[in-house]
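Laboratory data are not the source of any read-out in this text; all were calculated from the coordinates shown. Small disclaimer: the values here were computed from a predicted structure and weren't measured. In this analysis, Cβ positions are derived from the backbone assuming ideal geometry, glycine residues included, and neighbour counts consider all displayed protein chains.
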Amino acid sequence: MQAVIATGGKQYLVATGNVLEVELLDDVKKIEFDALMTIDGDTINVGAPLVDGVTVHAEILGETLGEKIKVLRFKAKKRVKKLTGHRQHYSQIKITKIA
């Protein structure tokens, strides 16, 4: 069985055992998501907005960092430039059960 969940303004297609990197979540061990859509073989259930009685259980494995993004600011007439970087924080989750 597969399900579509929403977290951090994005939607993810998940199955049991998948490991995902999602936007940073609170520091808890287990978390539940409501399913927006489920796929079970040839049967597709689309919720309005959620599928009744289906929740996706996940456990948080840890926190990771994304790739570094470099930002260059340059003022042409002054010939001044400044280089900064940013690394986004992500939570790594593992889908344990879709019920």
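What is the residue count in the stretch 3-29 for residues that are part of a strand (DSSP E or B) and more than 12 Å from Ser91 (Cα to Cα)? Talk me through it step by step, then tell me what you get.
We begin by selecting, within the stretch 3-29, every residue part of a strand (DSSP E or B); these are 3-7, 10-15, 19-23.
Those still in the list that are more than 12 Å from Ser91 (Cα to Cα) too: 3-6, 10-15.
The number of residues fulfilling the criteria is 10.
Which pairs turn up if I take residues in the stretch 82-99 that are under 18 Å from Thr7 (Cβ atoms) and look for partners that are loosely packed, with under 11 Cβ neighbours inside 10 Å with beta carbon separation below 6 Å, at least 6 apart in sequence or on another chain?
Gln92/Gly62
From the residues in the stretch 1-60 that are hydroxyl-bearing (Ser, Thr, Tyr) and touching a residue at least 24 places away in the same chain (Cβ under 8 Å), which one is nearest to Ala99 (Cα to Cα)? Spell out how you get there, then give the answer.
Our first condition is that a residue be hydroxyl-bearing (Ser, Thr, Tyr); within the stretch 1-60, this holds for 7, 12, 16, 38, 43, 55.
Filter once more, so that each one left must be touching a residue at least 24 places away in the same chain (Cβ under 8 Å): 7, 16, 38, 55.
Working: Thr7: 18, Thr16: 10, Thr38: 10, Thr55: 5 Å.
The selected residue is Thr55.
Being over 16 Å from the mean Cα position of the chain (by Cα), surrounded by 15 or more Cβ atoms within 10 Å (Cβ to Cβ) and assigned to a strand (DSSP E or B) is the requirement here; does Thr38 meet it? I'd like the intermediate steps shown before the answer.
Numbers: over 16 Å from the mean Cα position of the chain (by Cα): yes; surrounded by 15 or more Cβ atoms within 10 Å (Cβ to Cβ): yes; assigned to a strand (DSSP E or B): yes.
Taking the combined requirement at face value, the residue satisfies it.
Is it true that Leu72 is over 16 Å from Tyr12 (Cα atoms) and either over 22 Å from the mean Cα position of the chain (by Cα) or exposed (fewer than 10 other Cβ atoms within 10 Å of the Cβ) (or both)?
Working: over 16 Å from Tyr12 (Cα atoms): yes; either over 22 Å from the mean Cα position of the chain (by Cα) or exposed (fewer than 10 other Cβ atoms within 10 Å of the Cβ) (or both): yes.
Answer is yes for this residue.
For residues in the stretch 75-95 being exposed (fewer than 11 other Cβ atoms within 10 Å of the Cβ) and of a type in the set (Lys, Arg), which is nearest to Lys29 (Cα to Cα)?
My answer is Lys82.
Just checking, which of Val22, Val54 is farther than 18 Å from Lys10 by Cα, surrounded by 14 or more Cβ atoms within 10 Å (Cβ to Cβ) and either more than 15 Å from the chain's Cα centre (by Cα) or not small (Gly, Ala, Ser) (or both)? So that I can check it myself, show each step before the final result.
On the way: Val22 fails: farther than 18 Å from Lys10 by Cα.
Selected residue: Val54, the only one of Val22, Val54 that is farther than 18 Å from Lys10 by Cα, surrounded by 14 or more Cβ atoms within 10 Å (Cβ to Cβ) and either more than 15 Å from the chain's Cα centre (by Cα) or not small (Gly, Ala, Ser) (or both).
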